[in-house]
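Peer 1: If you scroll down you'll find the structure; I have some questions about it.
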Amino acid sequence: GEGVSRTTNGGTNWVMVTDPSPSFAEYAVYFIDANTGFVGNQGLSYTTDGGNNWVNSLSGVNVSDFSFINSTTGWFSGRVGRVYKTTNAGVSWTMQFEAPNFLESVYFVDANTGYTCGWNSAVYKSTNGGANWFALSPGTSGKLTDISFPNTNEGFIVGVAGAVLKTTNGGENWTLMPQPSVNEMSNTIFFSINLGYVSGYDGVYITTNGGSNWM
């Protein structure tokens, strides 16, 4: 949001840290450990001291989401339609993919298999660590905002008008699940094919049966 806050007691209290980019709202945040992390907005900033000081490392990339598989290897998506990768904990980034659509989310299950999604029903998949990408067909229209895969083949995407899409075969086919809300869903995380959460403009919803029902 408008700045970055940190907690050291599990969320009971929050303290504002130095704003890495006061001119812009922050869209995405990811920390490898208590000290090293990244914040994205129009550009990308990183810290190695828990947010006390920041270094602006990239500009004009419009970061929307981060995904790391370990302490050194990760990706970020950008609303300029690009995916970047690092293999040295963010010291340097390499652009791997440029799509004709704004990209809202990226999610890598392991070192090889990853997905990204965005506007105009865009969904793409990589099976070689982001070196190459191919388009998937989600069977719906509109903006897709976030993606989560608890394993290589089973995953979920959320989007506008409360859309929740589910695949059980690595994105080859998608099923439109019951909507938890008619409003846009902005984030999702699934810990298994059954247990997951989605959040949006009017709250947070949980499912324990793979999206068939929501509370």
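Peer 1: Ignoring ligands and nucleic acids, what accessible area does Trp54 show with a 1.4 Å probe (Å², nearest 10)?
Peer 2: 40
Peer 1: While we're on this one: Sort Val29, Val123, Val91 by accessible area with a 1.4 Å probe, largest first.
Peer 2: Val91, Val29, Val123
Peer 1: Another question, if that's okay. Rounded to the nearest whole Å³, what is the per residue volume of the convex hull around the Cα atoms of segment 44-101?
Peer 2: Spread over its residues, the Cα hull of segment 44-101 gives 81 Å³ apiece.
Peer 1: Now for a separate question. Which whole number in µm²/s is D for segment 110-178 by Stokes-Einstein, with the Kirkwood Rh taken over Cα pairs at 4 °C and 1.567 mPa s?
Peer 2: 109
Peer 1: With only Lys, Arg, Asp and Glu charged, each at its Cβ (+1 for the first two, -1 for the last two), find how big the charge dipole of the chain is about the Cα centre; round to the nearest 20 debye.
Peer 2: Its charge dipole is roughly 280 debye.
Peer 1: I'd like the accessible area for Phe24: 1.4 Å probe, protein heavy atoms, all chains in place, Å² to the nearest 10.
Peer 2: 90
Peer 1: With each label point set 7 Å from Cα along the Cα-Cβ vector, what nm distance links Asn183 and Ala111?
Peer 2: 4.3
Peer 1: Search the structure for amide H atoms under 5 Å from the amide H of Ile32, placed 1.01 Å from N in the peptide plane, and list their residues when 5 or more places away or on another chain.
Peer 2: Placed amide hydrogens put Gly37, Phe38 under 5 Å from Ile32.
Peer 1: Setting aside same-chain residues fewer than 8 positions from Lys85, which lysines have a Cα under 23 Å from its Cα?
Peer 2: Cα-Cα hits under 23 Å: Lys125.
Peer 1: What number does the chain give for Rg over Rh if you use C-alpha atoms and the Kirkwood radius?
Peer 2: 0.96
Peer 1: With every protein chain present, what is the per residue accessible area of the chain (1.4 Å probe, Å²)?
Peer 2: On a per-residue basis, 46 Å².
Peer 1: Sticking with this structure for a sec: Under the rule that an exposed site lies in a DSSP loop and has at most 13 other Cβ atoms within 10 Å, name the longest stretch of the chain with no GluC sites (Glu not before Pro) of that kind, not counting the sites themselves.
Peer 2: With GluC sites (Glu not before Pro) excluded where exposed in loops, the chain gives 3-171 as its longest stretch.
Peer 1: Taking H placed 1.01 Å from N in the peptide plane, check which residues at least 5 places from Ser121 or on another chain put their amide H under 5 Å from its amide H.
Peer 2: Excluding prolines and chain starts, which carry no amide H, the hits are Gly142, Lys143, Leu144.
Peer 1: What whole-number value in cubic angstrom gives the convex hull volume per residue for the C-alpha atoms of segment 154-200?
Peer 2: 64
Peer 1: Further question: Give the carbon-plus-sulfur fraction of the accessible surface of segment 1-89 in %, rounded to a whole number; probe 1.4 Å, heavy atoms of protein chains only.
Peer 2: Answer for segment 1-89: carbon and sulfur cover 46 percent of the accessible area.
The values are calculated or read from the model by the stated rules, or taken from the named source; none is laboratory data. This is a predicted model, so every value here is computed, not measured. Quick reminder, even Gly has a Cβ in these numbers, built from the backbone with ideal geometry, and neighbours come from all protein chains shown. When the accessible area is computed, the model is the full protein with side chains, heavy atoms only, and any ligands, DNA or RNA have been set aside. Shrake-Rupley method; radii C 1.70, N 1.55, O 1.52, S 1.80 Å.
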